[in-house]
1. When a footprinting reagent is the concern and you count Cβ atoms within 10 Å, what order do 175, 148, 252 take, fewest first?
2. Sorting check: for 133-139, 259-265, which peptide has the highest mean count of neighbouring beta carbons within 10 Å, and how do the rest follow?
3. If I stretch the segment between residue 237 and residue 47 completely, what's the gain in nm (0.36 nm per residue apart, minus their alpha carbon distance), one decimal?
4. Could you tell me which of rounded, prolate or oblate describes the range 82-148, using a ≥ b ≥ c as the square roots of the eigenvalues of the alpha-carbon gyration tensor, with rounded for a/c under 1.5 and, failing that, prolate when a/b is larger than b/c and oblate otherwise?
5. Packing-wise, with mean Cβ within 10 Å as the measure, how do 31-44, 76-89 rank, highest first?
6. At 0.36 nm per residue, and after removing the present C-alpha to C-alpha distance, how many nm does the segment from residue 84 to residue 199 gain when stretched out fully?
7. If I model the range 1-115 as equal point scatterers sitting on the Cα atoms and use the Debye formula, what is log10 I(q)/I(0) at q = 0.12, 0.20, 0.22, 0.24 Å⁻¹?
8. Going 7 Å from the Cα of residue 105 along its beta-carbon direction, which residues of the range 172-186 have the amide nitrogen within less than 20 Å of the resulting point?
C-alpha cells in the first residue's frame, strides 16, 4: 500500500467583499412588515494582500511520517498565500423586515459574486436600531494553488516526491457569514454602519470538479484561511415613503495588514 500526502505550499485566491447586511435604517411601526428591494454600485479596484504566518504542518497524514527515510526538514511548512481583494461592481438584495414592539427580525437574500441568505434580529427604536446577523454565502472566486505530493510504499520506504501544480480559474464555495449593524436616524436622514465576517471557503478545487481538501482521506491543507471582514459606512435619505437613496464607503480588512477601500452608492424601493 502506498501512502500519499498532498501538501499545499502556495495559493492565490480572489476574495470578494462580504455582502452588506442592513436593518430598517429608519423607525418602523410595531406590528408591521416591510419588503425592500435594493441595488448598489461599488467603485473599488482589486488589490493584492500578501498573507503571513500560515503553516501547513505534516499531521494526520495516513502514516507517512512513519516512513523510513522521512525527514521533516524536507517538508516545506510555510505557505505563501495571497488574497486578491475585490469589490463586485453591482450587488442587489431583497429584505423582509418585521417588528413587534421594539423587537425586529427578518431575512435577506443578496446577490454578490453569488448568492447569500441571512437572518437578522435586533431592536428598532424611534431614533436608533442595532442588531446581529448570520447567514450562508455561496460565491464564485478565482483560485489557483500549487504544492508537493509526498509518498512512500507499502513497506514504509520513503520515496522521491513529485511536484504538482493544481489550478482552477474559477470555482464556487459556501461559507458561513456573521455580523452586525447599527443606525441612527431622524426624519428622512440615517447614518448606518454594518460589518460582515467570513472565512473564505477552504476547499482546494480540482480542474475536474470536487475538492482535494481531503481527497481519498489524505489531508492536503492543514491550515485555516485568514478571516475577512467588510465594513460599510453609509448615509441614507428617504426621498419618499417608497424610495431611499444611499451613498458611502466600504472597507475590507481582516487577519492581514492592509485595509482596502471602495466608494459605493445605491437605491432602495419599499414594496410594502
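1. Lowest count first: 148, 175, 252.
2. Order by mean packing, descending: 133-139, 259-265.
3. Here the segment from residue 237 to residue 47 would lengthen by 65.3 nm.
4. Prolate is the answer for the range 82-148, as a/c is 1.5 or above and a/b outweighs b/c.
5. Output ranking for 31-44, 76-89: 76-89, 31-44.
6. 40.0 nm
7. The calculated log intensity ratios at q = 0.12, 0.20, 0.22, 0.24 Å⁻¹ are -0.70, -1.05, -1.15, -1.25.
8. In the range 172-186, the label zone of residue 105 (backbone N under 20 Å from the point 7 Å along Cα→Cβ) covers 177-182.
Quick note: the coordinates plus some simple rules give every number you see, no bench work behind them. Note that this is a predicted model, so its numbers are computed, not measured. Don't worry about glycine lacking a Cβ; one is built from the backbone with ideal geometry, like all the others, and counts go over all protein chains shown.
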